[in-house]
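Engineer: Quick one: the structure is below, and I'll ask about it shortly.
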Amino acid sequence: MSITLKFKEEVSANGNVSKVANFKGTLNRLSEKEFSYSNASNELITYKLATVTFTDFAGASHTRENVVVFDTSYDKGMEVGSTYLGKISRSTNADGSARKPWVTLSSLVSGVDFADDEFEDAVIEEPEMSIQ
């Protein structure tokens, strides 16, 4: 089943081009085990893997495993069953072939969105200012 999300093109500081989409994912499971790797600056990056459920723009529900949650997020206290903001990045290799999508979940809690019908178009008159 295809996943329908809105992707926008982004260019990294290194000039790498990727397509990025945001989603709201419900955390189903967070691994006990921590994993790590060294980035290009030789910094040690620590993360856990999560199982996340989200709904795409077509209304289809998707559950995916191996979603990366960095220690800077889970150290803030993420709870199973809560909904957080996530990101999917898609890019290509030098030969043009597709790379495996990079999917992350942050500790930013996803709340209730605004709806247009919540607002009132009221005319508010400004008090007159006197010039002295």
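Engineer: Hey, among the residues in the range 49-73 that are among the small types (Gly, Ala, Ser) and touching a Leu at 6+ places or on another chain (Cβ under 8 Å), which one's surrounded by the fewest Cβ atoms within 10 Å (Cβ to Cβ)? Break it down stepwise before answering.
Structural biologist: Step one: filter the range 49-73 for residues among the small types (Gly, Ala, Ser), giving 50, 58-61, 73.
Retained after the next criterion (residues that are touching a Leu at 6+ places or on another chain (Cβ under 8 Å)): 50, 73.
On the way: 50: 26, 73: 20.
Among residues in the range 49-73 that are among the small types (Gly, Ala, Ser) and touching a Leu at 6+ places or on another chain (Cβ under 8 Å), the one surrounded by the fewest Cβ atoms within 10 Å (Cβ to Cβ) is 73.
Engineer: I would also like to ask the following. Could you please give the count of residues in the range 74-103 that are within 22 Å of residue 5 (Cβ to Cβ), surrounded by 11 or more Cβ atoms within 10 Å (Cβ to Cβ) and touching a Lys or Arg at 6+ places or on another chain (Cβ under 9 Å)?
Structural biologist: The number of residues fulfilling the criteria is 13.
Engineer: Got a sec? Which of 18, 41, 2 is touching a strand residue (DSSP E or B) at 6+ places or on another chain (Cβ under 7 Å) and either within 24 Å of residue 99 (Cβ to Cβ) or modelled with pLDDT of 95 or more (or both)? Please lay out each step first, then the result.
Structural biologist: On the way: 41 fails: touching a strand residue (DSSP E or B) at 6+ places or on another chain (Cβ under 7 Å); 2 fails: touching a strand residue (DSSP E or B) at 6+ places or on another chain (Cβ under 7 Å).
The conditions single out 18.
Engineer: Give me the residue from the range 65-81 that is part of a loop (DSSP other than H, G, I, E, B) and among the small types (Gly, Ala, Ser) and, out of that set, farthest from residue 48 (Cα to Cα).
Structural biologist: Here is the first cut: in the range 65-81, the residues part of a loop (DSSP other than H, G, I, E, B) are 75-81.
From what's left, among the small types (Gly, Ala, Ser): 77, 81.
Details: 77: 13, 81: 17 Å.
Looking at residues that are part of a loop (DSSP other than H, G, I, E, B) and among the small types (Gly, Ala, Ser), I get 81.
Engineer: Working only within the range 8-48, note down all residues that are surrounded by fewer than 13 Cβ atoms within 10 Å (Cβ to Cβ) and in contact with a Phe, Trp or Tyr (Cβ under 6 Å, 6 or more places away or on another chain).
Structural biologist: Answer for the range 8-48, where residues must be surrounded by fewer than 13 Cβ atoms within 10 Å (Cβ to Cβ) and in contact with a Phe, Trp or Tyr (Cβ under 6 Å, 6 or more places away or on another chain): just 35.
Engineer: Considering only the range 65-99, how many residues are of a type outside the set (Val, Ile, Thr) and over 18 Å from residue 35 (Cα atoms)?
Structural biologist: Residues flagged as of a type outside the set (Val, Ile, Thr) and over 18 Å from residue 35 (Cα atoms) within the range 65-99 amount to 17.
Engineer: Spot the failing condition for residue 121; the list is (1) modelled with pLDDT under 95; (2) of a type outside the set (A, V, I, L, M, F, W, C); (3) in a strand (DSSP E or B), and only one is missed.
Structural biologist: (3)
Engineer: Got a sec? Which strands (runs of 3 or more DSSP E) wholly within the range 4-47 have at least 1 residues that are under 30 Å from residue 58 (Cβ atoms)?
Structural biologist: Details: elements: 8-11, 17-30, 35-38.
So the answer is 8-11, 17-30.
The values are calculated or read from the model by the stated rules, or taken from the named source; none is laboratory data. Computed from a predicted structure; not experimentally measured. Glycine gets a Cβ as well: all are built from the backbone with ideal geometry, and neighbour counts include every protein chain shown.
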